């Protein structure tokens, strides 16, 4: 069987890709499996344990510097309960409830951050908490806590004007990830708003346009199957009826309301309410609107650069294909 130059290149490329993939898989061995398992482990759930003091500013002489924690992570948000003890053993539990806590994860690591300000008897204060977490296995994380406080109205030479606390330890999973019940109340409304944002994106508009063109393509393909046959009036009528029915069914396929409902349901089952709210808040911000507008420009520029890249490489590929075609022809005559 003879191969065209284009098909020969595709076969050659597929063979090379298969060989390279096999080589990479053989060299990585079990380490890749262990790493993949760790990277895919969920951080959602409750983590408990104690962090030991690495730096104490000395502002609470009656308290033990080490702290106990119950940290509950749910997607991109978290709640924190802090447990402190004085030197007599009295325990005090306090929850961080006056500020949002954000979670950002990359592979095995995550950062929990919160920053807030307020006023008390010393004037205005600004406070930052940062938890750096790294999975040791699916049920243990290395934890590093850092607290930084700036009492902006206190003179720099006054104790407690600016201070930080640093602690490190290991936390153990004490509760599994939460199982979310179907959203009620504002959840569906937020999901519908996010679905609308997705539908308005350039990527979806391109996909929707292609989807809307499917019925006409199928109708044309149906008519093409009978184009070479001489049909009587009744036969032609049957073909026309079928072609129209295909178009009608295709319109149901791309019905905007049904597509919106489909995307909303996927959003509801994929994201938590807090994650949906975070996306909507970002998209409605100045930065979010600017990034959304620039996304289109980036896609256009990338498409242009890729076309230019293809144009540079195609002549070289054509020379290789033509050379192979010539060589194959020479070998046939021998």
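The values are calculated or read from the model by the stated rules, or taken from the named source; none is laboratory data. Keep in mind that this is a model prediction, so the values were computed, not measured. No Cβ is skipped: glycine too gets one built from the backbone with ideal geometry, and neighbour counts run over all protein chains shown.
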**Message:** Looking only at the range 98-114, how many residues end up being modelled with pLDDT of 85 or more and either surrounded by 14 or more Cβ atoms within 10 Å (Cβ to Cβ) or touching a helix residue (DSSP H, G or I) at 6+ places or on another chain (Cβ under 9 Å) (or both)?
**Reply:** 10
**Search result, residues across the range 147-168 that are under 24 Å from residue 52 (Cβ atoms) and free of Cβ contacts under 8 Å to residues at least 40 places away in the same chain** = 147, 148, 149, 162
**Request:** Identify the residue in the range 121-135 that is more than 16 Å from residue 73 (Cβ to Cβ) and touching a residue at least 12 places away in the same chain (Cβ under 8 Å) and, among all such residues, is surrounded by the fewest Cβ atoms within 10 Å (Cβ to Cβ).
**Result:** 123
**Fill in**
From the option list 125, 69, 60, single residue qualifying as at pLDDT below 85, assigned by TED's automatic domain parsing to the domain that holds residue 137, touching a strand residue (DSSP E or B) at 6+ places or on another chain (Cβ under 9 Å) and farther than 18 Å from residue 275 by Cα is 60
**Fill in**
Subset of the range 267-291, residues part of a helix (DSSP H, G or I) and without any contact (Cβ under 8 Å) to a residue 60 or more places away in the chain, comes to 269, 270, 281, 282, 284, 286, 287, 288, 289, 290, 291
**Request:** Specify the residue that is farthest from residue 166 (Cα to Cα); the eligible residues are those in the range 48-72 that are in a loop (DSSP other than H, G, I, E, B) and in contact (Cβ under 8 Å) with a residue 40 or more places away in the chain.
**Result:** 59
**Request:** Take the range 100-128 and flag every residue that is in a strand (DSSP E or B) and over 24 Å from the mean Cα position of the chain (by Cα).
**Result:** 116, 117, 118, 119, 120, 123, 124, 125, 126, 127, 128
**Request:** Would you mind telling me which numbered condition in (1) in contact (Cβ under 8 Å) with a residue 60 or more places away in the chain; (2) not assigned by TED's automatic domain parsing to the domain that holds residue 166 residue 75 fails?
**Result:** (2)
**Prompt:** Can you name the residue in the range 241-266 that is free of Cβ contacts under 8 Å to residues at least 40 places away in the same chain and crowded, with 18+ Cβ neighbours inside 10 Å and, of all such residues, is farthest from residue 72 (Cα to Cα)?
**Reply:** 243
